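The values are calculated or read from the model by the stated rules, or taken from the named source; none is laboratory data. The structure displayed is predicted, hence computed values, not measured ones. Quick reminder, even Gly has a Cβ in these numbers, built from the backbone with ideal geometry, and neighbours come from all protein chains shown.
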Amino acid sequence: MRKIGIIPLRKDSKGIPGKNKKKMVGRPLFSWVLTEAIFSNLDEVYVFTDDIEIIHFIEREYHWTPKVKALLRNDENAVDTASTESTMVEFSNKINQDYDILCLLQATSPLTLVKDINSNLKKITHESFDSTVSVVKTHRFTWNADGSPQNYDVFNRPRRQDFDGLLIENGAVYCTTKEAFLKTKNRVSGSIGIVEMPEETLMEIDSISDWGIVENLLMERQKGMKSNKRIQYLVLDVDGVFTNGGVYYNEDGELAKRFDMRDGMGLEILRQNNVEVVVLTSENSMLVAQRMKKLQIEDAFLGVKDKYSFLKHFLNTKNSSFENVAYVGDDVNDLTNICSCGWSFAPANATEIVKNHADFVLSSNSGNGAIREVCETILKYNKRYE
């Protein structure tokens, strides 16, 4: 069965201007659910948007996977009065109904995981439901406007452990067969399967206060998923890690960066001890490319904005995982990897938010022995696996 995902995005947002592109834990909001969709059992996932900037970002950033496509939606379906169903109908027509299952994913539900998407798909492919909806179970008592309780007896208030609770739609994942959707033009219809997700996924992002809450939930979730094994890969940012974050410019552009020679020796010793060195930077600098070539670092990836997605892809190709990675970063675009990798390091002069979430804050500044300090720490740590 051909399983297609759609992530509808609008350029404008009244509650939080530019919400879909706004950085959450250092990544555009939409990239959280997009990444999970990439590594799910979906065959393709489309970002369906009226924002040309997002389309260009996707074409540039996710070139490493054939699963991701960007498609321009019509202006009339990108206004705040347009329904999600009308957007789904437009999308379905634009791809000529070339799917068996259509999966709607919401960017405002960034806590969605691969397993949530796959569980919805499985309800249709293995349990023969026509559609699915993701829900959370909450143990809250609800009331009518007239002061009468909806779901319990006020004279026999149940204990939490004795209360079945309520299932509430969390707006994260919906799946439907093509037949059901074309018949009803609705995201769910026919026999509907229920997929439970954790209660915190009930949070959607409609205000700045929601944003802060969800961002903290994401960081704590990523850190909670950490585990540690022998370090196989040291992954490094460049500016603010190899260098002090400064750069010299002239009228022709970037002129010079300063690198610490001791760092190079540390990396050479690390490679001799079977730890691969990977460079991952958002900048596309010829100076950096030349320095990495001099250091004989073959896995140097420049111009990568979504570092988390790319690193996950890279590790998959190596049959490895985040638990085998030590990561060094200094700024917010490193934050998701700082929270996700087995061990994370921040130079002494990194931004405060990165230092607050890194496993280790180094005694050395970037461009002044920070990488050498990391190399020596890794060598000591890996001895326990010998």
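Only one residue in Ala70, Ala37 is farther than 30 Å from His357 by Cα, hydrophobic (A, V, I, L, M, F, W, C) and either in contact (Cβ under 8 Å) with a residue 40 or more places away in the chain or not assigned by TED's automatic domain parsing to the domain that holds Cys339 (or both), so which one is that?
Ala70
With the structure loaded, tell me whether Phe301 is over 21 Å from Glu376 (Cα atoms), at pLDDT 95 or above and either among the hydroxyl-bearing types (Ser, Thr, Tyr) or outside any helix (DSSP H, G or I) (or both) or whether it fails that test.
It is true that Phe301 is over 21 Å from Glu376 (Cα atoms), at pLDDT 95 or above and either among the hydroxyl-bearing types (Ser, Thr, Tyr) or outside any helix (DSSP H, G or I) (or both).
Take the residues in the stretch 173-202 that are of a type in the set (A, V, I, L, M) and crowded, with 18+ Cβ neighbours inside 10 Å; name whichever of them is modelled with the lowest pLDDT.
Leu202
May I ask you to list the residues in the stretch 297-309 that are closer than 23 Å to Asn274 by Cα and in contact (Cβ under 8 Å) with a residue 24 or more places away in the chain?
The one that is closer than 23 Å to Asn274 by Cα and in contact (Cβ under 8 Å) with a residue 24 or more places away in the chain: Ile297.
Within the stretch 299-318, restricting attention to residues that are over 11 Å from the mean Cα position of the chain (by Cα) and small (Gly, Ala, Ser), which residue is surrounded by the most Cβ atoms within 10 Å (Cβ to Cβ)?
Ala300
Among the residues of the stretch 341-372, write down those that are outside any strand (DSSP E or B), touching a strand residue (DSSP E or B) at 6+ places or on another chain (Cβ under 8 Å) and either free of Cβ contacts under 8 Å to residues at least 40 places away in the same chain or of a type in the set (S, T, N, Q) (or both).
Scanning the stretch 341-372 gives Ala348, Val354, Lys355, Ala358, Asp359, Leu362.
Looking at (1) among the acidic types (Asp, Glu); (2) at pLDDT 95 or above; (3) out of contact with any Gly (no Cβ under 6 Å at 6 or more places or on another chain), which is the only condition Asp80 fails?
Every condition holds for Asp80 apart from (2).
With the requirement that a residue be out of contact with any Leu (no Cβ under 8 Å at 6 or more places or on another chain) and small (Gly, Ala, Ser), what does the stretch 143-173 give you?
Once the filter is applied, which keeps residues that are out of contact with any Leu (no Cβ under 8 Å at 6 or more places or on another chain) and small (Gly, Ala, Ser), the stretch 143-173 yields Ala145, Gly147, Ser148, Gly165, Gly171.
One line per residue, one yes/no per condition, for (1) out of contact with any helix residue (DSSP H, G or I) (no Cβ under 6 Å at 6 or more places or on another chain); (2) of a type in the set (A, V, I, L, M); (3) modelled with pLDDT of 95 or more; (4) surrounded by fewer than 18 Cβ atoms within 10 Å (Cβ to Cβ):
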{"site": "Ser207", "(1), (2), (3), (4)": "yes, no, no, yes"}
{"site": "Leu236", "(1), (2), (3), (4)": "yes, yes, yes, no"}
{"site": "Asp239", "(1), (2), (3), (4)": "yes, no, no, no"}
{"site": "Asp252", "(1), (2), (3), (4)": "yes, no, no, yes"}
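Could you list all residues from the stretch 163-172 that are farther than 18 Å from Arg140 by Cα and either surrounded by 23 or more Cβ atoms within 10 Å (Cβ to Cβ) or charged (D, E, K, R) (or both)?
If the condition is that a residue be farther than 18 Å from Arg140 by Cα and either surrounded by 23 or more Cβ atoms within 10 Å (Cβ to Cβ) or charged (D, E, K, R) (or both), then Ala172 is the only one that fits.
Taking the residues in the stretch 86-127 that are of a type in the set (Ser, Thr, Tyr) and within 19 Å of the chain's Cα centre (by Cα) as candidates, determine which candidate is surrounded by the fewest Cβ atoms within 10 Å (Cβ to Cβ).
In this case the residue turns out to be Ser119.
Yes or no, residue by residue, for (1) farther than 18 Å from Ile297 by Cα; (2) β-branched (Val, Ile, Thr); (3) assigned to a helix (DSSP H, G or I); (4) out of contact with any Cys (no Cβ under 8 Å at 6 or more places or on another chain):
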{"residue": "Arg187", "(1), (2), (3), (4)": "yes, no, no, yes"}
{"residue": "Lys229", "(1), (2), (3), (4)": "yes, no, no, yes"}
{"residue": "Met265", "(1), (2), (3), (4)": "no, no, yes, yes"}
{"residue": "Asn274", "(1), (2), (3), (4)": "no, no, no, yes"}
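Search the stretch 227-252 for residues that are closer than 18 Å to Lys380 by Cα and of a type in the set (D, E, K, R) and pair each with any residue that is modelled with pLDDT of 90 or more and part of a loop (DSSP other than H, G, I, E, B) when their beta-carbon atoms are under 7 Å apart and the residues are at least 6 apart or on different chains.
Lys229/Gly342
Has the stretch 152-170 got at least one residue that is at pLDDT 95 or above and farther than 25 Å from Lys115 by Cα?
Within the stretch 152-170, not a single residue is at pLDDT 95 or above and farther than 25 Å from Lys115 by Cα.
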